[in-house]
Amino acid sequence: MIPQSGIFEKIVKKHVSLPEVSSDDDEWFCNRLINEALLELDHHGKGPVHINIELYGTLTKFPTPSLPNARKISRIMERDSVDRWRSCAQKLSEKRRILLVYGQSFLPSDAELRALELFSQAFGCAVVSDNLSNLDCINHVPNVSASLDMASDEEKRALLPELVITFHGHALPSLQKFIRANSPAEHWHVTEDGAVVDQFKVLTNVFECSAEAFLKRLSEETNNATSAKAYFAEWKALVRGSSDIELQFSDLYAIKQLFACIPPNAALHLANSSCVRHAQLFELNRGVRIYCNRGTNGIDGSLSTAVGYAAASDGLTYIIIGDLSFFYDMNGIWNRHVSSKLRIMLTNNGGAGIFQYALGQKGLQTLNRNIAVAHTTSAKGWIESLGFKYLSARNEEELNRCLPELANEEATAPILLEVFTSMENDAAVLRKMLGKDGVKGTWSKIKRRLF
């Protein structure tokens, strides 16, 4: 038998091979693949596509009397007709619960921010993001990942959107899980390459244009601007005052205290895993820019990236990095171009603390040795041999005494602060904060005080 998959690959614009459908996920995947193929028929020129259907066994019966309705994904181009864009604007104006998810991004341009503000005012939508978006505008609800992690199921259900619009890079898992669990009727994705990104399994429209063009075009085409802000207000009410949370000494405590000390217009790099997630739990000073080069799940090159950025920057450059990521990429600071304005906070809890959080209550005897990779290594000798100023902290008093030095722009050498904690305690503090330790958690305690 001739292998059919890819047989026409050199003469078609798109080839997809459909798996046998044995689950809802298989059916969704087939639907997405078929849509991707059909969209390529006239995408930047016309041409054939190949949809290969894998069949197992011989078809002898056809008991289905009619075909079911199937989802169609459309692609809207910037050059499309006024009528087509106006139709999209009309559909938006009929919605009252529009959620605009602003993903990981470099610093948005002033033009894009103005367009976003006009759009959010015209359609009364809620603009949500986490700290990785570097977003600051009206109708904007920052740090939603933290609040969703701590919200009850009832609170989450009350925020169910009718339509989700996504921009730029990825959002953090807590926001993605919320949308998947509370599936909206529609999802529109805006991307300059026109790719089909169906992360919530309800994609209906792909807009092949820049975020700025999308926002401006639809704002201009609507005649039914609304002043309603009820949905935005519901999201705003969800966001809690994380700066008021009382934490005991831990990696979370260290990050919270550092955030309060980072001056405006500084750059903050985040390494891998826990550093990225923990950084969404606290508010930063306005003007601080966040960068996150996660590489191979973040452990590969995050320190080197911060070192390179600092070498080309005139301002302070911070990086928050865990011990395993630091020691994996430690040669990144072994070069002649390390800036005196580089500030490293190394949270050293002696291993991969995320596994203590995820598995520490399961009683695994080999957890630290085989999974969390427990160690007793310190960065002190290596750092001092390279001319860094080395600081360390093992409690709250030592940490708070060291932090002002990290904000000193007149320092003549780069500085590393090594914060020693334990995996077990860090996991316990995080569980308590998120309310996953068998008690109500810190959030429920402060909610009565704040609201």
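No value in this document is a laboratory result; all are computed from the given coordinates. Just so it is clear, the structure is predicted and the values come from calculations on it, not from any experiment. For neighbour counting, all protein chains shown are included, and Cβ atoms are generated from backbone atoms with ideal geometry for every residue, glycine included.
General remarks:
- Cα lying deepest toward the dipole's positive end in the chain, options 255, 6, 315, charges on Cβ: 255
- Computed E for residue 106/residue 154 - FRET, C-beta separation, R0 41 angstrom, nearest 0.05: 0.65
- Simple spin-label estimate for residue 265 and residue 199 in nanometres, 7 Å along Cα-Cβ: 3.3
- Summing charges over all other residues whose Cβ lies under 15 Å from the Cβ of residue 263, with Lys and Arg as +1 and Asp and Glu as -1, gives -1.
- Cα convex hull, the chain: 210 Å³ per residue, rounded to a whole number.
- Computed magnitude of the charge dipole of the chain (debye, nearest 20; Cβ of K, R +1, Cβ of D, E -1): 760
- Its relative contact order, with pairs defined as Cα atoms under 8 Å and 6+ residues apart, puts region 243-446 at 23 percent.
- Each Cα pair under 8 Å and six or more residues apart adds its sequence gap; the mean of these over the residue count of the chain is a relative contact order of 12 percent.
- Farthest toward the positive end of the dipole of the chain, out of 345, 230, 378, is the Cα of 230, where the dipole comes from beta carbon charges about the Cα centre.
- Computed over region 74-239, the P(r) tail beyond 19 angstrom holds 51 percent of alpha carbon pairs.
- Between 30, 407, 239, the Cα set farthest toward the positive side of the dipole of the chain (charges on each charged residue's Cβ, about the Cα centre) is that of 239.
- In terms of surrounding Cβ atoms within a 10 Å radius of their Cβ, 145, 339 rank from fewest to most as 339, 145.
- Computed [θ] at 222 nm, deg cm²/dmol, the chain (DSSP H ≥ 4; -39,500 (n - 2.57); rounded to nearest 500): -10000 deg cm²/dmol
- Residues 136, 314 in ascending order of nearby Cβ atoms (within 10 Å, fewest first): 314, 136.
- Fewest-first ordering of 60, 366 by other beta carbons within 10 Å of each residue's beta carbon gives 60, 366.
- Hydrodynamic radius (Kirkwood) for region 243-446, which is based on Cα pairs only, to one decimal in Å: 17.2
- For residue 76, distant residues with modelled amide H under 5 Å away: 206, 207, 208
- Violating pairs (Cα-Cα greater than 23 angstrom) within the set 236/256; 229/256; 201/229: 229/256; 201/229
- A cut-off under 12 angstrom between Cβ atoms defines the neighbours of residue 119, and their net charge, with Lys, Arg +1 and Asp, Glu -1, is -2.
- Given charges at beta-carbon only (K, R positive; D, E negative), |dipole| of region 243-446 in Debye: 480
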